[in-house]
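> Sharing a structure here in structure tokens format.
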Amino acid sequence: MKKLVSVAWVFKDDHKILCVKSKGKDKYFIPGGKLESGESHESGLIREIKEELNIDLIPDTISHDFTIIDTAYGLDNTELEMHCYSAAFNGEIIPASEIESLKWIDEFQVDECAPAAQKVVLKLLQ
């Protein structure tokens with residue numbers, strides 16, 4: 001089985017979690033993505049969130065919250081290891097790059113998310 005390591009930014013507000021949908025995808029995900037070669041979790045997280053949401057995470061507020069292990073959605077025989085971080089930010093959240101839409105997801109809409117994202121939403125809202 002292949003392993004995919006990713007970083008994700010978890011942002012909770014009013015009992016909902018910010019999720020994103022990429023162009024051409026059918027499910028919502030937690031904002032973030034794969035690390036580039038030699039990249040630290042923190043620098044990868046800052047880069048991915050800038051690319052996807054056009055905001056700047058504040059480096060000294062970045063905190064590892066938990067890690068989710070699940071099957072990577074849409075990838076055969078691949079395990080996803082998603083490291084979830086919280087952080088304060090500067091700027092206004094605007095979908096950018098491959099992001100088609102944003103949605104604040106609560107426990108009643110969790111089926112709109114990919115499986116690993118569902119685990120994140122439910123963990124944060126329990």
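Every number in this text was worked out from the coordinates using simple rules, so none of it is lab data. Predicted model only: the values in this text are computed from it and were never measured. Glycine also receives a Cβ, built like all others from the backbone with ideal geometry; neighbour counts cover every protein chain displayed.
> Specify whether the C-alpha gyration tensor of segment 15-126 places it in the rounded, prolate or oblate class, a ≥ b ≥ c being the square roots of the eigenvalues: rounded for a/c under 1.5, otherwise prolate if a/b is larger than b/c and oblate if not.
Rounded shape, in that the Cα axes give a/c under 1.5.
> Which lysines, on any chain, are close to LYS16 with Cα under 25 Å apart, when same-chain ones fewer than 8 places away are left out?
Within the straight-line cut-off, LYS16 pairs with LYS25, LYS27, LYS34, LYS50, LYS103, LYS119, LYS123.
> A further question follows. Please tell me the relative contact order of the chain in percent, rounded to the nearest whole number, where contacts are Cα pairs under 8 Å and at least six residues apart.
Computed value for the chain: 34 percent relative contact order.
> Quick one: among PHE108, PHE89, PHE11, which has the greatest mean-square fluctuation in a GNM of the chain with alpha-carbon springs under 10 angstrom?
Fluctuation is largest for PHE108.
> Using only DSSP helix segments of four residues or longer, with each worth -39500 (n - 2.57), what per-residue ellipticity at 222 nm results for the chain after dividing by its residue count and rounding to 500?
Rounded to the nearest 500, it is -6000 deg cm²/dmol.
> Please list, by residue number, everything in segment 1-30 whose backbone N is under 11 Å from a paramagnetic label point 7 Å out along Cα→Cβ of ASP106.
Flagged as within label range: 14-17.
> Fully extended, how many nm does the chain gain between ILE58 and LEU4 (0.36 nm per residue separation, minus their Cα-Cα distance)?
16.9 nm
> In segment 91-126, which GluC sites (Glu not before Pro) fall in coil by DSSP and have 13 or fewer other Cβ atoms within 10 Å?
Within segment 91-126, the qualifying GluC sites (Glu not before Pro) (loop, at most 13 other Cβ atoms within 10 Å) are GLU92.
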